[in-house]
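Chemist: Let me give you the structure first, and then I'll get to my questions.
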Amino acid sequence: MFSKVYSAALNGLDAYMVRVEADISDGMPQLLMVGYLSSEVREAGDRVRTALRNTGIILPPKRITVNLAPAAIRKAGSRFDLPVAAAILASLEKIPADSLKNIMLTGELSLSGQALPVSGILALVEAARENGIRRCIVPEQNAAEGAVLEGIEVIGVSGLAHLMEILRYPAEAVPVQVDTERLLKEQSCTREADFSEVNGQAVAKRAAEVAAAGMHNLLMIGPPGAGKTMIARRIAGILPSITLEEALEMTKIYSVAGLLPDHTSLLLNRPFRAPHHTVTAEALAGGGRIPSPGEISLSSGGVLFLDEFPEFKRSALEILRQPLEERRVCISRTAGTYIFPAKCMLVAAMNPCACGYFPDRERCCCTEQEVSHYLGRISRPLLDRIDICTEVTGISYEELTEKQENETSAQIRKRVEYAHRMQQERYEGLPLHFNAYLNGNQTELYCPLGEKEQKLLKNAFGKLNLSARAYYKIIKTARTIADLEQEERILEQHLLEAIRYRLPGGAYWGRGV
């Protein structure tokens with residue numbers, strides 16, 4: 001007897017439908033899996049056979065053929081165990097064949113018949129909904145994740161016995177319900193790290209606020225122990241609360257990467273990723289035999305922090321140039337092209353030299369050649385993609401010990417939220433939300449300059465030998481500064497502050513080193 005059921009497979013962050021067909025006929029007793037399968041999918045036959053036996057169902061001594069279509073696309077992963085088992089059960093007439101219509105099944109099976117969680121459920125359920133499927137059956141650990149999508153029922157199963165019960169009596173199955181609005185309202189705005197704990201460093205804190213307000217990339221340079229890492233770890237806390245759209249995209253990324261905790265429906269905190277400087281280019285940007293998201297994609301909607309910036313491998317840093325510009329990672333393989341988002345805010349911190357104290361010649365023992373070589377580890381094209389560069393100077397004893405009331409992250413967040421709202425209103429209907437994401441034409445359209453401002457920028461362009469990319473980044477940063485000050489127009493003071501941020505490290509690169 002022939003039967004079929006739908007499942008789905010991942011292709012990057014997206015998914016496509018897979019038709020799982022089973023046929024039982026007379027012939028040499030065997031369970032044959034076909035359809036351009038990876039080794040773990042082929043092993044599904046043995047897992048399903050054993051799981052069925054331990055659930056009390058013995059396969060007859062007949063030829064059982066299972067096909068996963070379309071056969072031209074390679075299938076990988078362990079998510080096809082449940083649909084294969086369901087198709088075989090329907091062919092054996094252990095469950096009604098009609099019960100498999102208009103549903104999507106996915107999940108792994110243990111040898112005992114227990115349903116095990118799989119990655120990428122949100123993407124799989126989304127693909128099923130787009131293809132008109134009205135019900136999805138997934139492992140119960142994944143049910144809350146899939147249920148955040150509207151317009152489709154998601155049912156969790158604990159194992160094969162539970163699956164058979166649901167398919168025999170589909171009207172009695174209770175879909176999982178997730179109140180996304182309540183989850184978003186209940187997300188906490190409190191953070192473990194707060195800007196009120198940072199004494200001094202007014203310039204660096206202002207640069208961090210501007211960067212967060214427009215999602216601009218930020219570089220902090222200064223001696224060790226000055227507070228660069230302390231400031232960076234608090235930037236995610238001044239970003240506005242996450243929206244449902246951002247939460248869904250972030251949850252999908254972590255689910256595909258296999259990093260979403262069991263029974264989690266939505267990730268509600270903006271990510272802060274801080275990979276060690278030994279990270280490989282592939283781990284930073286994404287890739288692998290079956291491409292998966294890298295650190296820059298896992299940081300989407302939040303902060304990617306690269307501490308000890310010059311200590312990263314040159315190949316790892318240079319691979320970030322295109323993603324930082326296009327806000328996405330494109331990975332090409334013979335099997336196809338995979339697209340992952342890279343809508344993160346890059347925050348980097350570095351010392352000015354190997355010992356960390358240049359240009360303080362009383363403490364720095366590096367020669368100018370050594371300083372030049374150290375700074376040269378960061379290429380100019382990469383520096384050109386960083387909107388804001390600021391110096392973090394050493395803090396005095398008085399600043400460190402003085403009892404003072406610093407601005408809290410909540411106070412700074414209010415100004416950042418206002419700037420974000422201005423940008424959302426300005427770019428309504430466009431596929432962008434922040435000033436940092438504007439291209440050249442959009443910058444000229446949405447960030448017009450008056451005559452005085454044009455003259456100021458023209459003088460700066462010649463004196464500082466700016467590139468075209470740096471020219472537009474100055475204007476976009478000035479637009480963000482104006483938003484923070486609730487100004488409709490970009491004024492001279494906004495441009496002057498933005499131009500100051502274009503001098504990488506101020507005293508460092510600017511000393512002819």
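Where a number appears in this text, it was derived from the coordinates with a stated rule and is not lab data. In this text the structure is predicted, and so the values were computed from the model without any measurement. Counting neighbours? That spans all protein chains shown, and the Cβs are built from the backbone with ideal geometry, glycine included.
Chemist: In percent, how large is the relative contact order of segment 264-332, given Cα pairs closer than 8 Å and 6 or more residues apart? Could you put the intermediate results ahead of the total?
Modeler: Values: 82 pairs, mean separation 25.6, N = 69.
Relative contact order of segment 264-332: 37 percent.
Chemist: Still on this structure, please answer the following. Using a Förster distance of 30 Å, how high is the FRET efficiency between R182 and N131, based on the Cβ-Cβ distance and rounded to 0.05?
Modeler: Working: r = 29 Å, r/R0 = 0.97.
With a Förster radius of 30 Å, E is 0.55.
Chemist: Ranking M422, M1, M104 by Cβ neighbours within 10 Å, fewest first, what do you get? Before the final figure, lay out each step's value.
Modeler: Numbers: M422 20, M1 11, M104 28.
In order of increasing Cβ crowding within 10 Å: M1, M422, M104.
Chemist: Let me ask something else about it. With a 10 Å Cβ neighbour count serving as the proxy for reagent exposure, in which order, fewest first, do Y374, Y501, Y36 appear? All intermediate terms of the calculation are to be shown ahead of the outcome.
Modeler: Details: Y374 22, Y501 25, Y36 13.
Final ranking by Cβ density, sparse to dense: Y36, Y374, Y501.
Chemist: Please identify which residues in segment 115-155 have an amide N closer than 17 Å to a label point set 7 Å out from the Cα of K101, following the Cα→Cβ vector.
Modeler: Residues 132-136 qualify, since their backbone N sits under 17 Å from the label point.
Chemist: In nanometres, what is the gap between the two model label sites at R74 and T401, each 7 Å from Cα along Cα-to-Cβ?
Modeler: 6.5 nm
Chemist: To continue, here is another question. Can you tell me the Rg and Dmax of segment 124-192, counting just the alpha carbons, in angstroms?
Modeler: Cα radius of gyration and Dmax of segment 124-192 are 14.4, 50 Å respectively.
Chemist: What value in Å³ per residue do you get for the convex hull of the alpha-carbon atoms in the chain? Before the final figure, lay out the partial values.
Modeler: Details: hull volume 85.1 nm³, N = 513.
Per residue, the Cα convex hull of the chain comes to 166 Å³.
Chemist: At what distance in angstrom do the alpha carbon centres of segment 25-71 and segment 298-324 lie from each other?
Modeler: Using only Cα atoms, the two centres lie 45 Å from each other.
Chemist: Any chance you could list the semi-axes, whole Å, largest first, of the equivalent ellipsoid that the Cα gyration tensor gives for segment 2-172, using √(5λ)? Mind dumping the intermediate values first?
Modeler: Numbers: eigenvalues 107, 63, 41 Å².
Output for segment 2-172: semi-axes of 23, 18, 14 Å.
Chemist: Can you work out the FRET efficiency for the pair E325 and S25, with r the C-beta to C-beta distance and R0 = 41 Å, to the nearest 0.05? Please list the in-between numbers first.
Modeler: Values: r = 57 Å, r/R0 = 1.38.
Plugging the Cβ-Cβ distance into 1/(1 + (r/R0)^6) gives 0.15.
Chemist: With each pseudo-label sitting 7 Å past Cα toward Cβ, what's the E485-R63 distance in nm, one decimal?
Modeler: Here the answer is 8.1 nm between the modelled labels.
Chemist: With a cut-off of 16 Å, note down the residues of segment 478-494 whose backbone N falls inside the zone around a label point 7 Å from the Cα of K455 toward its beta carbon.
Modeler: Hits in segment 478-494 for K455 at 16 Å: 491-493.
Chemist: I'd like the FRET efficiency for N269 and E368, computed as 1/(1 + (r/R0)^6) with the beta carbon distance as r and R0 of 56 Å, rounded to 0.05. Don't jump to the answer; show the numbers that get you there.
Modeler: On the way: r = 44 Å, r/R0 = 0.79.
With R0 = 56 Å, the Cβ-Cβ based efficiency is 0.80.
Chemist: Expressed in nm², what is the orientationally averaged projection area of the convex hull enclosing the Cα positions of segment 267-340?
Modeler: Details: hull surface 21.0 nm².
Its Cα hull, projected and averaged over all orientations, spans 5.3 nm².
Chemist: Whole-Å semi-axes of segment 197-312's equivalent ellipsoid, largest first, each the root of 5 times a Cα gyration tensor eigenvalue?
Modeler: Details: eigenvalues 143, 72, 23 Å².
After diagonalising the Cα gyration tensor, the semi-axes are 27, 19, 11 Å.
Chemist: Calculate for the chain the 222 nm mean residue ellipticity that helices alone would give, adding -39,500 (n - 2.57) per DSSP H run of length 4 or more and normalising by residue count, nearest 500 deg cm²/dmol.
Modeler: The per-residue figure over the chain is -10000 deg cm²/dmol.
Chemist: Total Lys pairs in segment 2-172 closer than 21 Å by alpha-carbon, pairs eight or more apart in sequence or interchain only?
Modeler: Working: K4/K62; K4/K75; K4/K94; K4/K101; K62/K94.
The number of close lysine pairs in segment 2-172 is 5.
Chemist: Moving on to the next point. Sort C355, C365, C344, C447 by Cβ crowding within 10 Å, fewest neighbours at the top. Walk me through the numbers before you get to the answer.
Modeler: On the way: C355 17, C365 11, C344 26, C447 21.
Ordered by Cβ neighbours within 10 Å, fewest first: C365, C355, C447, C344.
Chemist: Right, next: What are the principal axis extents of the Cα atoms in segment 375-453, in Å, biggest first?
Modeler: Computed over segment 375-453, the largest-to-smallest principal extents equal 49, 38, 30 Å.
Chemist: While we're looking at this one, here's another question. So what does the Cα-only Debye profile of segment 185-259 read at q = 0.16, 0.17, 0.20, 0.21 Å⁻¹, as log10 I(q)/I(0), no solvent term?
Modeler: -0.72, -0.79, -0.97, -1.02
Chemist: Please compute the length gained on full extension between L259 and Y16, using 0.36 nm multiplied by the number of residues separating them and subtracting their Cα-Cα distance. Numbers along the way, then the final one.
Modeler: On the way: separation 243, 0.36 × 243 = 87.48 nm, distance 2.12 nm.
Value of the extension gain: 85.4 nm.
Chemist: Using a cut-off of 10 Å between beta-carbons, work out the net charge of the residues near A76 (Lys and Arg +1, Asp and Glu -1, A76 not included).
Modeler: Numbers: positive: R74, K75, R79, R289; negative: E40.
Charge balance in the 10 Å sphere: +3.
Chemist: On a straight-distance basis, which lysines could pair with K463 in a cross-link, Cα separation under 28 angstrom, same-chain partners fewer than 8 positions away excluded?
Modeler: Result set, ordered by chain and number: K205, K452, K455, K473, K476.
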